[in-house]
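Structure first, commentary second.
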Amino acid sequence: MGPTVHPFAGMLRIAAVLAAMLAPAGETLAQVATPAAAAPAARQAPPRRDNPATSIQDFVRLEGQAATPIRGIGLVNGLKGTGDSGGDLTLAFPLAEMYRNNGITIPDVRTLSKSKSVALVNLWCEIPEEGGRKGDKFDVYVSVSHSASSLRGGMLMISPLLGPYRGDPVIAVASGPLEIEQTDVPTVGRIRGGAQLVEEVRMRPPGHEFNLIVRPYFRSYSTTRMLASEINGLTADLEAGPDAFAAIATAMDDMTVRVVVPEHERANPAHFIASVLTKRFSPTLLDLPAQVIVNERTGNIIITGDVEISAVTVGSDLLTVTTIVPPPMPSPQDPLVTRSNVTDFGSTASNADRARIQDLLQAFRQLQVPARQQIQILAQIHASGRLHARFIRE
């Protein structure tokens, strides 16, 4: 009798079943053999830096410095029958205007969009908080505005990009071939470096005092207090002056630190601001709250603080165990490999009924769980109250 394949799918438990019971404190859990677990024992993980130094600029921005969105409307041509409908006059009029600007007069605009090779699109670009100078290039995002079914293979004609408010002038021009980044969403694309500034976008320079705004994920009163203390300690390294050791930074609330430029630094405030922003310290001083930040579009999972998970059982109908009966005879050319979609994870922490989220993510890696499914499972654990952290979806 030939080999028979039996797939077993449905609510496959993860963590012995993915954390039905966690191991007591200090006890080592045995892991089911998987390809990842079969690595040679001699291989050692690279040394870990527990407290790498970081700088203040990683956690704050100058008040008044913020990203600037610019937007526009454009035409994408070169489409193979996936453009806007032939009867859509909303496309025909701007297309006729484009021809007119290039010296060609179209007597009947209704003849322009019959081929469905052109699409009317929305354009969006973001100038970073540092601003930009004439000639700088940035990525521009393109999305279908009307009935076009796909932008794949299209080329954006030269299009103006305006400021975010009505009546704003032209700030950049955009053009270039589109890239479709998500194959299942062909109506949205990106042109890398497709927007070129024709006007400068500059931030207002700070005066004799300025505010540092803590970035959203790090906001707390302990954060602003610690940052103010670090900045006040900076004056000891600056060259002498009667106010060299005066307190120059004050925590105003949970997101704002006000800094006064010392008298002897006001002739060159840029130098002083650079000294403040590049002041280095250990991030452990921040006492950051435990957070899990996920981005479903990119599949990224960011963890801050010491995130723990209480005992929980997680199942998924997308995981499958396959067995072959009878098993094949192993040989040097065709060895018998055992795989399982079950693994244990636990913690050596003193609190025996909790595990670290790193242990759960390691179990996910061993089971080869896709990133998006990991995010869905984490969201469900958070909804059950078993994820001891703030859960943020970008």
- Going fewest to most other Cβ atoms within 10 Å around each Cβ, 140, 294, 198 line up as 198, 294, 140
- the range 94-224 - percent relative contact order, Cα under 8 Å, separation 6 or more: 24
- Provide the gained length on full extension for the span residue 333 to residue 104, in nm with one decimal, where the gain is 0.36 nm per separating residue minus the Cα-Cα distance. 75.4 nm
- Pairwise label distance in nanometres, residue 386 with residue 310, each label 7 Å out on the Cα-Cβ vector: 1.0
- Note down the relative contact order for the range 167-296 as a percent, whole number, built from C-alpha pairs under 8 angstrom at least six residues apart. 22
- Note on the structure: FRET efficiency for residue 298 and residue 264 from the Cβ-Cβ distance with R0 = 41 Å, rounded to 0.05, comes out at 0.35
- If only Cα atoms are counted, what is the Rg of the range 68-197, and what is its Dmax, in Å? 14.7, 47
- Ranking of 223, 250, 82 by count of other Cβ atoms within 10 Å, fewest first: 250, 82, 223
- Under a 5 Å amide H to amide H cut-off, with H placed in plane at 1.01 Å, what residues pair with residue 161 once short-range neighbours are removed? 171, 172, 173, 174
- Given a Förster distance of 35 angstrom, what is the FRET efficiency for residue 250 paired with residue 185, based on the Cβ-Cβ distance and rounded to 0.05? 0.15
- Query: If you rank 134, 279, 116 by fewest surrounding Cβ atoms within 10 Å, what's the result?
  - Reply: 134, 279, 116
- Note on the structure: The extension gain from residue 93 to residue 67, computed as 0.36 nm times the residue separation minus the Cα-Cα distance, is 6.1 nm
- Note on the structure: Plugging the Cβ-Cβ distance of residue 133 and residue 158 into 1/(1 + (r/R0)^6) at R0 = 22 Å yields, to the nearest 0.05, a FRET efficiency of 0.60
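Taken together, the values in this text are just the output of simple stated rules run on the coordinates, not laboratory data. Not measured: the values here are computed from a predicted model. Every residue, glycine among them, receives a Cβ derived from its backbone with ideal geometry; neighbour counts consider all protein chains shown.
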